[in-house]
Structures are given as structure tokens and as C-alpha cells.
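Notes follow the structure.
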Amino acid sequence: MDIATILGVVIAIGSILGGQALEGGHIGSILQLTAFIIVIGGTIGACCVQNPLPVVIKAMGSLSLAISNPHHDVKGTITQILDLANVSRKQGLLALEGKIKDLHDPFFKKGLQLIVDGTDPKALQEILEIEVEHHEEEGVLAAKVWEAAGGYAPTVGILGAVLGLIHVMENLADPSKLGGGIAVAFVATVYGVGAANLFFLPIANKIKLKLKEEAGLRTMVILGLVGLAQGENPRLLQEKLESYLPQNERTKDEKK
């Protein structure tokens, strides 16, 4: 689980509620179900109008990417590739077939299977790069739904404020109903702006960041697999792959 995402949401909401309490206000005064329904329902509806339903569903599923914390073991992947390179150098590419079952990454498995099947290195690179590009494009489409939600929410919040004021104007003769209408008016604006800037837009950016990290790892895997297919010297391949490691780890490796 990505602690930063959870912690960020908790801190943001906690700060708002805490600030409200410090000012002497009641937390219950900003917990308005009507305003919540207007803002969230209106935002979801607008996103459904803008995007095809499968994209919206995928966007909802991509929330798990922002919350989860997939471990990208770059160093471990490099070690796997180099082990395969040494096996290939000694026993030939067909010897790699028995190693496919030991891999857990479907992308890595697919690439290695293509090598064993005798795919030309250039064709191998093209196939895998297309898959990476397609996967990233799908993820970015999902992230853009969250971005769109961040754009619509404040506007829907203003719509909720106007509806609340209309309710107030309709009940000027009944002072007992004025408070609720005014509360909905202002709280709807808070919900719209808050949801956009504390949740929707940060989630979109977090998804894009994790997609970029995953694409970087897969690009490294492609480099390694192409090197395997070309029969590249394992030592030279190691130098290339280790450029994907953080500088501090590379420095430590060199000292060793």
C-alpha cells in the first residue's frame, strides 16, 4: 500500500476538519449529504458524458494503482537478465526456454518466449515497445478521467451553491429553512474545490507517475531482451542495464 497517498488524504481532510474545529465551528456543519450528492454525482455524470463507459470503469479500477505500492525490483530484474545472458552465452538461446516458467512478470515472460521462438531482435523490440506504449496510453486515458473530474468538481460545486441560494430565496418567508439552504450553498463549493484539489487531481498525477515508473522498468527489460537476442556480451549488457539504477547504487557497485 502507498502510505503517502493514504497519509496525504488523511492529513488534508484532518487539517480542514481541525481548522474548522479550532475556529469554533461544528464539524457537522460541513457534513452535508445534499451537497455531497450534488458535487460527486454531478462530477461522475460529467465524466461519463465526456468518456466512454469502459474508460470510466478502467479509471475507477486505476484507483488501486494510486493506493497500492507495486515494488519494482530494478536490481533484481537486472540480475535475472544477466543470469539469462550467461546461460544463453554458454548453452544457446534455446536453453532459455526452461527459464521462462521461473519468471513472474508476464511482460518479461512474453519477451523471453519471443526470443526462444527465434524472433528477430528488431521485430522483438518493435513488438515489446508497441505493448509498452499501448499499456501506457490506456493508463493515461484512465488518469485523464480523474483530471477531468478535477476540472468539473469545482464548477459543479458552484452549481450546488446556486441551487442552495435558490432554495434560500424561495424560503425567505420561513427563516427556519434559510440556514439549511445557505449551508448547502457554501458547503457544495467547499466539496467541489476540495475534492478537485485534494483528491481528483492528486490521484491523476499519482497514476501518471506510477505508469512512468512501470514504463521505465519495461524499457529496461526490452533493452536486456534485445541484448539477449543479439548475443551481446553479458559484461557490456550489465553496463547498459545498470544505467537504470539510482546513482548511489551504481556508485556502491563500482566500489565493490
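Highest GNM mean-square fluctuation, the chain, Cα pairs closer than 10 Å: which of Val187, Val116, Val140?
It is Val116.
Before anything else, pin down the relative contact order of the chain: Cα pairs under 8 Å, at least 6 apart, normalised by residue count, whole percent.
Numbers: 253 pairs, mean separation 76.9, N = 256.
Over the chain, the number comes to 30 percent.
Under 10 Å, Cα contacts only: if you run a Gaussian network model on the chain, which one of Pro121, Pro52, Pro175 comes out with the highest mean-square fluctuation?
Pro175
Just the Kirkwood number for the chain, please: inverse of mean 1/r across all distinct Cα pairs, in Å, one decimal.
Working: mean 1/r = 0.0455 Å⁻¹.
Kirkwood radius, the chain: 22.0 Å.
What is the distance in Å between the Cα centroid of region 81-113 and that of region 168-243?
34 Å
What size of dipole, in debye to the nearest 20, comes out for the chain about its Cα centre when the only charges are +1 on Lys and Arg C-beta atoms and -1 on Asp and Glu C-beta atoms? Write out the running numbers ahead of the final one.
Values: 22 positive and 27 negative charges, 88 e Å.
Roughly 420 debye for the chain.
Is it possible to state the helix-based mean residue ellipticity at 222 nm for the chain, with each DSSP H run of 4+ residues giving -39500 (n - 2.57), the sum divided by total residues, to the nearest 500 deg cm²/dmol? What is it?
Details: 12 runs with 190 residues, N = 256.
The per-residue figure over the chain is -24500 deg cm²/dmol.
Between 0 and 90 degrees, rounded to the nearest ten: what's the tilt of helix 74-91 against the longest Cα principal axis of the chain?
Between helix and principal axis, roughly 20 degrees.
What is the ratio of the Cα radius of gyration of region 51-101 to 2.2 N^0.38 Å, with N the residue count, to two decimals? Don't jump to the answer; show the numbers that get you there.
On the way: Rg = 18.7 Å, N = 51, 2.2 N^0.38 = 9.8 Å.
Taking the Cα Rg and dividing by 2.2 N^0.38 Å, one obtains 1.91.
Given a 10 angstrom Cα cut-off, can you work out which residue in Gly164, Gly19, Gly216 is the most mobile in a GNM of the chain?
Result: Gly19 has the largest fluctuation of those listed.
Report the charge-dipole magnitude of region 18-141 in Debye, nearest 20, computed about the Cα centre from +1 at each Lys and Arg Cβ and -1 at each Asp and Glu Cβ. Provide the component values of the computation, followed by the final result.
Numbers: 9 positive and 15 negative charges, 66 e Å.
My answer is approximately 320 debye.
How high is the relative contact order of region 7-122? Use alpha-carbon pairs under 8 Å, at least six apart in sequence, and give a whole percent.
Numbers: 27 pairs, mean separation 11.8, N = 116.
About 10 percent, as a whole number.
Mind checking which aspartates and glutamates have their Cα closer than 12 Å to the Cα of Lys212? Skip sequence neighbours fewer than 8 apart in that chain.
Leaving aside aspartates and glutamates fewer than 8 places away in the same chain, those within reach of Lys212 are Glu133, Glu136, Glu137.
With an 8 Å Cα cut-off and a minimum separation of 6 or more residues, compute the relative contact order for region 79-211 in percent.
Details: 107 pairs, mean separation 32.1, N = 133.
24 percent.
Against the longest alpha carbon principal axis of the chain, how many degrees, from 0 to 90 and to the nearest 10, is the axis of helix 178-195 turned?
10 degrees
Values in this text are rule-based calculations from the coordinates and carry no lab data. Everything quoted here is computed from the prediction, not taken from an experiment. Note that each Cβ is placed from the backbone with ideal geometry, even for glycine, and that neighbours are counted across all protein chains shown.
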